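Take a look at the structure below.
All of the numbers you see were taken from the coordinates with simple rules; none came from a lab. None of the values given here were measured: they were computed from a predicted structure. Here the Cβ positions follow ideal geometry from the backbone for every residue, glycine too, while neighbour counts run over all protein chains shown.
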Amino acid sequence: MTPIQLYTYQTPNGHKASIMLEETGLAYDVHIVDIETGEQRTPDFLALNPNNKIPVIVDPDRDRTVVESGAILHYLAERSGILMPGSEAERIQALSWTLFQAAHVGPTLGQLWNYKIFAPEKIPYVIGRFETEASRIYRVLDGQLALHAHIAGDAYGIADVMTWPWIHAGLTKLGLALDATPALARWYMAVAARPAVLRGLAVPRLPLRESA
Ligand SMILES: N[C@@H](CCC(=O)N[C@@H](CS)C(=O)NCC(=O)O)C(=O)O
């Protein structure tokens, strides 16, 4: 098999794709797209994803280019047969929670990151608004994980791969502790113990920048 080509950067959305590739065991090559210097807006990258965002995968053997992390995870599950839910009922749960991540978890924490860390002017109303929404989303996940071992049901699957990097970023970068959501905390620790997750989190290895 020709290796899958992964275009990515050191971010939670990039980590979803690298963790999934590590889980599947499929061979892949990594291409760093430095979104801090604007490489996602070069003509070559825009030809892969007109939406100028990582991650993207190219599967040369099937002549497929896949954008959007949720679609990438579904594609890789189908391609490999790994983390593919068995029944139709499980598949629709996986799809629902994968889209919940894409619609709520990622956008809310992404905006919080922007306004809390990057914004030159810190606006308390805006930061408070996204922190309140993040708490609500964490309670939704905590409720689901109080009922099931994993986000889309009993088995570990793509909804977990989709969500874990953002909960990790929330904890390590945004100060979103898991004390008030014990089921979410239990799940977070269990997923963190998977070797494929740790390997995927280390992708891509960025070259050291020269300091000024
Ligand atoms: N919904 C997209 C989000 C991807 C995304 O936001 N990627 C960010 C990095 S985490 C990016 O490439 N940003 C560059 C830009 O917006 O110019 C997905 O799940 O793949």
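Brief remarks on what is shown
- Whole-Å distance, taken between Cα centres, linking the range 36-91 and the range 168-212: 21
- Reciprocal of mean inverse Cα separation for the chain (Kirkwood radius, Å): 17.8
- Residues Phe118, Phe100, sorted so that the one with the fewest Cβ neighbours within 10 Å comes first: Phe118, Phe100
- Kirkwood estimate for the range 4-83, i.e. one over the average of 1/r between Cα atoms, Å: 12.5
- Positive-end extreme of charge dipole, the chain - chosen from Ser135, Val191, Gly14 (charges on Cβ): Ser135
- Based on C-alpha pairs under 8 angstrom that are at least 6 apart in sequence, the range 1-155 has a relative contact order of 18 percent.
- Footprinting exposure proxy for Arg62, Arg205 (fewest neighbouring C-beta atoms within 10 Å first): Arg205, Arg62
- As a calculated quantity, the FRET efficiency between Asp61 and Asp29 at R0 = 22 Å, using C-beta atoms, amounts to about 0.95.
- Potential extension, Arg199-Ala155 segment - 0.36 nm per residue separation minus Cα distance: 13.8 nm
- Of the GluC sites (Glu not before Pro) found in the range 23-122, those that fall in a DSSP loop while having at most 14 other beta-carbon atoms within 10 Å are Glu36, Glu121.
- A Cα-only calculation for the range 88-194 places Rg and Dmax at 14.0, 48 Å.
- Taking the C-alpha atoms of the range 153-196, convex hull volume expressed per residue in Å³: 76
- Spin-label model, Leu208/Glu133: points 7 Å from Cα along the beta carbon direction are separated by 3.9 nm.
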